[in-house]
Every structure is written in C-alpha cells, then in structure tokens.
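For reference, the structure discussed in these notes is given below.
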Amino acid sequence: MTRKRVGVLISGRGSNLQALINACKKRDYPAEIVLVISNVPQAPGLLRAEAALIPTLTINHKDFPTREAFDAALDAALNGTQVELLCNAGFLRLHTPGFVERWRDRHLNIHPSLLPAFRGLHTHERVMAAGCKISGCTVHFVRPEMDEGPIVAQAAVPVLAGDTAETLAARVLEAEHHLYPHALALVASGAVFVKGERVCDSNKQAQIPLFSPPLA
Ligand code: GRF
C-alpha cells in the first residue's frame, strides 16, 4: 500500500495533530505525516510531532510582508517535501485564494461545529447561546471563505443540561479526535471525491459513519 504524504498546519496545542499521528501509526492507515508546520514559534503541537520523529518547521507569518509571501513560503516547504495532502489542525490563519486554489481538493480543515452552522470563532459559546441541543464537528475541503467547502464527514454530540462552553468544547474535541483520522483516511484512500462541490463516495453505497458518543 502506498501511503499519501500528508502535511499538517498548526498554530497551537495540536491535539488533532496527535490524533492524526496516532492513526498514522496503524499499519493499514492510508496516509503518513511527512511534515508539520506551525506559524507560531514554540506551539506545543510541534513537540508532539518531534516526539513522533516527524520533521517540523516554524514559518512565522510575522516574518513576511504580505499574506501572499507567507503562503508562498508554506507552498515551497510543502512542495519541497512532496506533500500530497494538507490538513489544517487548529491553524489560525486565513489562506490567500491562490494558495487555496493550488491545494484545491487536496486540503482539509476541521471545525468544531456542524457546518454550515456556526462558522468562525467562539463556536461553543454561540451554540450554547442559541440553545442548540446537538453540536459536533466537521471535516471539510478548504475553500477561500473561512469554514466553507465540501463536507467530508461530521460527528454529532449532545449538548447536555449544565454544560458550559468548556464542557461542550471538551466533548466536541473528543469527537474531533475520532473524526479527523476517519475523514483523512476516506480522502487518502480515494474512497471519496469532490463532484459539484459535494463529497461523493466512489463506491456509491457507503454512508460515512456518524460518531455520536452515547448520552452521558
Ligand atoms: C479544534 O477545536 C479545531 O476544530 C479548531 O481548532 C481547535 C484546534 O485544537 N479548528 P488542537 O490544536 O487540535 O488541539
């Protein structure tokens, strides 16, 4: 089995990166992480990559005069390592349209809501304020607009009485750690593809499983 060469972009703690690292340790997983790039120096996630002996790079956006120049540096590093698929995992920079176009349908992001609801920041606070009874997370292909693009997979979790934004965030994060490796495997194995801005199954029968941790 040839594994897809994956690059991961992070800005912070890297718990989703860790979930992907763990998945890639499995012999039959269709992807391997060949490079982790952080735009934030000393992001804790870099230590997770180093512990797994994965090459890391810091490309600090503050060192570049424009967003285009920063994205060009990302591109050069990714291409220099023959990255085939790119995963944003808590990467807190918006990409330029040119970068998004170059990585079109090869570039995933995870967002802690059931998109298209609750794009953007402070997701869990807004979910709570809206009185939602269910929340979750989404892995989608990246498009120029933030948190927009064809949906690969989603996981749902309950919003429980007594939840705070923090307890809900922790429950969603646990689901994220299941969902991202699952979604990357679907893409890396070629089981899904984008058609007309929707994600389709190549075998036209498999439903993408929904991960719903049991009600507490
Ligand atoms: C996750 O909640 C992810 O959905 C969002 O940013 C957070 C990153 O967390 N895009 P981590 O760095 O993976 O722990």
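Brief remarks on what is shown
- Carbon and sulfur %, accessible surface of region 115-199 computed with the full protein complex present, 1.4 Å: 60 percent
- Note on region 6-55: dipole from Cβ charges, positive end direction compared against P41, L20, G7; the farthest Cα belongs to L20.
- Charged side chains reduced to their Cβ positions (Lys and Arg at +1, Asp and Glu at -1) give the chain a dipole of some 360 debye around its Cα centre.
- Candidate membrane-span-like segments in the chain, meaning DSSP H helices with Cα atoms spread over at least 18 Å of their own axis and a Kyte-Doolittle mean of 0.0 or above, are 67-80, 165-188, with no membrane implied.
- Accessible-area rank, largest first, for T167, T2: T2, T167, with all protein chains present and a 1.4 angstrom probe.
- The count of lysine pairs in the chain with alpha-carbon distances below 25 Å, taking only pairs 8 or more places apart or on different chains, stands at 5.
- Relative to the Cα centre, the charge distribution of region 59-98, modelled as +1 at Lys and Arg Cβ and -1 at Asp and Glu Cβ, gives a dipole magnitude of about 160 debye.
- Expected 222 nm ellipticity per residue - DSSP helices of 4 or more, -39500 (n - 2.57), all of the chain, to 500: -10000 deg cm²/dmol
- Surface accessible to a 1.4 Å probe, per residue, for the residues of region 89-166, Å²: 45 Å²
- Over the chain, volume per residue of the alpha carbon convex hull, in Å³: 130 Å³
- Carbon plus sulfur fraction of accessible area for region 30-102, probe 1.4 Å, in percent: 58 percent
The values are calculated or read from the model by the stated rules, or taken from the named source; none is laboratory data. Predicted model, so just to flag it, every value in this text is computed and none were measured. All Cβ positions, glycine included, derive from the backbone under ideal geometry; neighbour counts span all protein chains shown. The area values use the complete protein model at the heavy-atom level, side chains included, leaving out ligands, DNA and RNA. Shrake-Rupley method; radii C 1.70, N 1.55, O 1.52, S 1.80 Å.
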